[in-house]
1. Please list, in chain and number order, the residues 5+ apart from Thr114 or on another chain whose amide H is under 5 Å from its amide H, with Hs placed from the backbone.
2. Place a point 7 Å from Cα of Val79 in the direction of its Cβ. Which residues in segment 33-52 have their backbone N less than 15 Å from it?
3. Using θ = phi - 60° and the Karplus form 6.51 cos²θ - 1.76 cosθ + 1.60, what ³J(HN,Hα) does each residue of segment 98-113 get, whole Hz, x for Gly and Pro?
4. Regarding segment 3-123, what's the average projected area of the Cα-atom convex hull, expressed in nm²?
5. Using modelled backbone amide H atoms (1.01 Å from N, in-plane), which distant-in-sequence or interchain residues come within less than 5 Å of Ser30's amide H?
6. Calculate, for Cys71 and Asn151, the FRET efficiency according to 1/(1 + (r/R0)^6) with r their C-beta to C-beta distance and R0 25 Å; round to the nearest 0.05.
7. Which cross-chain or sequence-distant (5 or more) residues have an amide H under 5 Å from the amide H of Ser39, H modelled 1.01 Å from N in plane?
8. As a check on your grasp of the helix formula, calculate [θ] at 222 nm for the chain: sum -39500 (n - 2.57) over DSSP H runs of n ≥ 4, divide by the residue count, round to the nearest 500.
Amino acid sequence: MEDNFKIYIDELQNDNLKIEKSLSPDFLASSDPELKFVSPVQIVGYACISEDFMILRLQVNSSISMPCSICNEFTSFQVKVDFCHSEELKNIKNVFDFQEILRESIMIEIPLFTECDGNCPERANIKKYLKTNSPTKGGNLLYFPFSEINNLKKE
């Protein structure tokens with residue numbers, strides 16, 4: 001258990017615990033070689049006790065680099081997470097370690113796909129391969145995956 005992620009419950013008995021940290025992204029331990037954290041993870045927030053619960057409220061920011069889904073060049077973008085967790089005091093034995101739940105919250109906010117600056121310049125090169133002649137209804141594109149099923153020949 002790393003000290004950066006420990007909250008000692010005794011410290012919360014009389015006041016809120018202010019949390020301000022700038023941590024190496026190593027604790028995120030991503031096994032994906034195409035996902036790179038390019039800046040420290042900034043964590044700002046507080047922990048407090050409210051009746052029978054410990055409340056942890058954090059704002060997390062970091063920069064991530066991953067391949068563009070169009071051109072496959074690495075592109076960087078910000079990931080921001082508003083993190084809130086409550087834990088019953090009876091489940092905490094003096095020290096609460098929030099590393100794993102914070103890691104999960106950050107990782108789930110990372111998109112599966114991204115594009116260079118939100119609109120890859122290479123998109124124009126693949127546009128000819130994308131379907132554009134779809135019927136519309138009220139300005140929304142419609143797709144009928146089984147529209148040709150009646151035209152199939154029975155053998």
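Coordinate-derived values only; no laboratory data. As the structure is a prediction and not an experimental result, all values here were calculated from the model. Cβ: placed from backbone, ideal geometry, glycine included. Neighbour counts: every protein chain shown.
1. Ser69
2. Of the residues in segment 33-52, 33-43 have backbone N under 15 Å from the label point off Val79.
3. Running phi through 6.51 cos²θ - 1.76 cosθ + 1.60 with θ = phi - 60° gives 9, 4, 5, 6, 5, 4, 4, 5, 6, 5, 6, 7, 7, x, 6, 9 Hz.
4. Average projection, Cα convex hull of segment 3-123: 8.0 nm².
5. none
6. Values: r = 38 Å, r/R0 = 1.50.
In this case the efficiency is close to 0.10.
7. HN-HN under 5 Å from Ser39: Ser63.
8. Numbers: 2 runs with 14 residues, N = 155.
-2500 deg cm²/dmol, from helical runs alone.
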